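The values are calculated or read from the model by the stated rules, or taken from the named source; none is laboratory data. Computed from a predicted structure; not experimentally measured. Cβ placement follows ideal geometry from the backbone for every residue including glycine, while neighbour counts extend to all protein chains displayed.
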Amino acid sequence: MARWQDYGWDPTWTAGPVSVTWLGTAGFAIEAEGQRLLLDPYLTRASLGTAAFGRLVTNEALIAPWTERVAAIVTGHTHFDHALDVPALARASGAPVFGSTSAARLVRAAGLPAEQAIDVQSKALPFEVEVGPFRLRFVASQHSRFLFGRVPYPGDIADCDQVPDRTGAYRCGAVFRVEVRVAGRTIVHVGSADLIDDAVAPIESDLVLACVAGWTTTKDYPERLLAAMRPGHILLSHWDNFFRPAALGARALPAMKLPVLTERLAKSARVGAIEIGHSITL
Ligand SMILES: [Zn+2]
């Protein structure tokens with residue numbers, strides 16, 4: 001488990017009106033003014049055996065704590081480790097889902113009203129929208145090509161009348177990074193370790209929620225991320241073995257090369273990681 005102290009950022013010193021909780025993988029809950037925004041929430045954490053050979057089904061008990069006061073659910077792309085729990089969370093919370101055409105199809109396939117899914121892919125990007133206290137800006141992005149130089153499960157989720165239950169059916173779909181502005185803070189969610197450098201002009205951000213998985217195959221990922229988002233702080237995500245239950249704690253995969261990534265990011269930001277279920281405030 002990577003600790004804050006390893007990276008020079010002790011999270012306990014910060015305080016503020018916005019709380020950010022890591023849900024594991026690229027999943028986060030951002031809370032402000034009594035409302036909650038869920039980003040790539042994947043709480044089920046199916047075992048490797050289930051993901052490889054079984055049926056993927058949302059664990060309702062694991063999503064239950066996250067279904068209250070949800071202003072919106074955001075899906076950056078639709079691989080299962082980002083999107084599996086989205087239809088169930090949308091059903092339980094009644095919150096709108098923002099994501100790609102694939103994400104909208106998932107929501108409809110679950111039998112939810114079409115208007116509960118906002119197809120960001122059909123909008124002119126960058127696309128801005130206000131939900132509760134959160135102002136969201138969706139910026140075109142891309143998935144890291146970590147599978148022998150390719151994006152795993154490329155393409156879109158097919159229009160279907162049942163939520164898919166196989167890993168391979170969760171096609172990547174369009175990819176977004178999402179800027180969240182709330183209570184005077186700017187937080188950027190990067191759900192896959194790549195970006196489109198000139199999608200928008202560089203911004204200043206307080207915190208980037210930076211995906212680690214796949215970063216080693218993305219040329220100059222740390223430097224490009226720093227240049228595009230100029231973050232004060234970076235919270236590393238998607239470095240954990242997500243086939244393990246959250247209750248056992250996050251365990252980093254050696255292939256993630258966390259120390260190398262951290263050293264490069266720490267040249268112009270404070271970098272840290274926390275345990276699943278833990279929060280920081282800013
Ligand atoms: Zn992915």
Suppose we filter Ala2, Ala52, Ala29 for residues that are modelled with pLDDT of 95 or more, closer than 22 Å to Ala247 by Cα, small (Gly, Ala, Ser) and in contact with a helix residue (DSSP H, G or I) (Cβ under 9 Å, 6 or more places away or on another chain); which single one remains?
Ala29
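Matching residues to (1) closer than 25 Å to Trp66 by Cβ; (2) aliphatic (A, V, I, L, M); (3) touching an Asp or Glu at 6+ places or on another chain (Cβ under 7 Å):
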{"site": "Ala92", "(1), (2), (3)": "yes, yes, no"}
{"site": "Ser102", "(1), (2), (3)": "yes, no, yes"}
{"site": "Ala109", "(1), (2), (3)": "yes, yes, yes"}
{"site": "Phe127", "(1), (2), (3)": "yes, no, no"}
{"site": "Gln142", "(1), (2), (3)": "no, no, yes"}
{"site": "Phe146", "(1), (2), (3)": "no, no, no"}
{"site": "Arg166", "(1), (2), (3)": "yes, no, no"}
{"site": "Cys172", "(1), (2), (3)": "yes, no, no"}
Could you list, in sequence order, the residues of the range 174-218 that are closer than 25 Å to Phe80 by Cα and charged (D, E, K, R)?
Arg177, Glu179, Asp194
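One line per residue, one yes/no per condition, for (1) under 27 Å from Ala199 (Cβ atoms); (2) of a type in the set (Ser, Thr, Tyr); (3) within 16 Å of the ligand (Cβ to nearest atom):
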site	(1), (2), (3)
Gly76	yes, no, yes
Ala88	no, no, no
Arg91	no, no, no
Gly94	no, no, no
Val97	yes, no, no
Leu106	yes, no, yes
Gly111	no, no, no
Ile118	yes, no, no
If you go through the range 56-74, how many residues are away from the ligand (no atom under 16 Å from the Cβ) and either among the hydrophobic types (A, V, I, L, M, F, W, C) or at pLDDT below 95 (or both)?
10
Restricted to the range 130-154, and to residues that are closer than 24 Å to Thr50 by Cα and over 19 Å from the mean Cα position of the chain (by Cα), which residue is nearest to the ligand (Cβ to nearest atom)?
Leu147
Name every residue in the range 44-84 that is aliphatic (A, V, I, L, M) and in contact with a Ser or Thr (Cβ under 8 Å, 6 or more places away or on another chain), in order of residue number.
Ala51, Ala52, Leu56, Val57, Leu62, Ile63, Val70, Ile73, Ala83, Leu84
Any idea which of (1) surrounded by 15 or more Cβ atoms within 10 Å (Cβ to Cβ); (2) in contact (Cβ under 8 Å) with a residue 40 or more places away in the chain; (3) more than 17 Å from Thr21 (Cβ to Cβ) is the one Asp206 doesn't satisfy?
(3)
Hey, can you tell me all the residues within the range 116-159 that are under 21 Å from Leu89 (Cα atoms), out of contact with any Lys or Arg (no Cβ under 6 Å at 6 or more places or on another chain) and assigned to a loop (DSSP other than H, G, I, E, B)?
Gly132, Pro133, Ala158
Might you check whether a residue that is surrounded by 15 or more Cβ atoms within 10 Å (Cβ to Cβ), within 30 Å of Leu62 (Cα to Cα) and charged (D, E, K, R) occurs anywhere in the range 222-242?
yes
Within the range 5-26, residues being touching a helix residue (DSSP H, G or I) at 6+ places or on another chain (Cβ under 7 Å) and modelled with pLDDT under 95 number 3
Considering only the range 32-49, how many residues are touching a helix residue (DSSP H, G or I) at 6+ places or on another chain (Cβ under 9 Å) and over 17 Å from Phe242 (Cα atoms)?
2
